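Read the figures in this text as sums done on the coordinates, not as results from a lab. Source: prediction; values computed, not measured. Glycine also receives a Cβ, built like all others from the backbone with ideal geometry; neighbour counts cover every protein chain displayed.
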Amino acid sequence: MNSQVEDIRVDFVTGSRRISNFCWAFILLLGASGFSFVGFSSYLRKDLIPFLSAEQILFIPQGLVMFFYGIAGSFISLYLWCTILWNIGSGYNRFDKRKGVFSLFRWGFPGKNRRILIQFSIGDIQAIRMEVQEGVLSRRIIYIKMKGQQDVPLTRIEEYLTLEEMETKAAESARFLKISIEGI
């Protein structure tokens with residue numbers, strides 16, 4: 001989602017609140033609960049859940065290991081649910097031609113540095129750079145190329161589904177800033 005006035009452009013960035021994160025957190029929670037119940041059932045020598053049989057599993061070592069996996073999975077699921085709740089990584093990219101400032105804002109983990117705000121001069125922006133790597137682990141990222149500094153990523157790795165969407169976004173930003181596009 002973008003918002004643009006004559007001299008100000010704001011590109012909103014989605015964070016952790018994505019359908020894939022909800023699915024993974026839920027699947028991990030279900031799997032961890034299953035492992036914990038089977039491990040605890042093997043300790044009690046009684047089936048707590050009818051379709052999860054623990055009769056053939058001895059508590060030491062199999063039941064104990066399954067219970068440990070359940071606890072570990074619960075912690076990972078809790079971590080994912082917390083990142084979803086806090087919406088880690090969400091924010092915006094703001095280009096303000098009047099002030100000559102490019103602001104990058106993201107939400108981080110709770111604490112002293114929860115709000116992450118980095119500002120650059122628009123005059124230091126050289127170009128928009130696109131990085132595309134196809135394959136099993138494909139990457140499609142748009143960067144701002146800065147004078148004398150590292151390139152600043154504007155998007156997440158998995159944000160764009162098609163190359164056309166990525167090119168359109170890069171072209172809009174380059175047109176607004178009146179700079180060139182590099183890459184591909």
Quiz item: Any idea how far apart residue 138 and residue 105 come out in nm if each label point goes 7 Å out from Cα toward Cβ?
Solution: 3.3 nm
Quiz item: In what sequence do 82, 23 fall when counting other Cβ within 10 Å, fewest first?
Solution: 23, 82
Practice problem: Report Rg(Cα)/(2.2 N^0.38 Å) for the chain, keeping two decimals. | Solution: 1.46
Exercise. Round to the nearest 10 and give me the degree value, 0 to 90, for the angle of helix 163-177's Cα axis relative to the longest principal axis of the chain.
Key: 40 degrees
Quiz item: So between residue 10 and residue 171, what do we pick up on full extension, going 0.36 nm a residue minus the alpha carbon distance?
Solution: 56.5 nm
Quiz item: Leaving out same-chain residues fewer than 8 places away, which aspartates and glutamates sit with a Cα under 14 Å from that of residue 112?
Solution: none
Exercise. Give me the distance in nm between label points sitting 7 Å out from Cα along the Cα-to-Cβ direction at residue 43 and residue 114, one decimal.
Key: 3.6 nm
Quiz item: Quick one: length gained pulling residue 92 to residue 33 fully straight, 0.36 nm per residue minus the C-alpha distance?
Solution: 17.6 nm
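If I take R0 = 41 Å and measure r between the Cβ atoms of residue 26 and residue 58 in this structure, what FRET efficiency does the formula 1/(1 + (r/R0)^6) give, to the nearest 0.05? Intermediate values should be presented prior to the final figure.
Numbers: r = 30 Å, r/R0 = 0.74.
My answer for the efficiency is 0.85.
For a quick check of your reading of the filter: which chymotrypsin sites (Phe, Trp or Tyr not before Pro) in the range 24-99 sit in a DSSP loop and have no more than 11 other Cβ atoms within 10 Å?
Sites meeting the loop and neighbour criteria: 51.
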Self-check item: Computed lengthening from residue 72 to residue 179, 0.36 nm per intervening residue step minus Cα-Cα distance
Solution: 33.6 nm
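How would you classify the range 20-86 from its alpha-carbon gyration tensor, with a ≥ b ≥ c the square roots of the eigenvalues: rounded for a/c under 1.5, else prolate if a/b is greater than b/c, otherwise oblate? Write down the numbers at each step before the final one.
Details: a/c = 3.69, a/b = 2.33, b/c = 1.59.
Because a/c hits 1.5 or more and a/b exceeds b/c, the range 20-86 counts as prolate.
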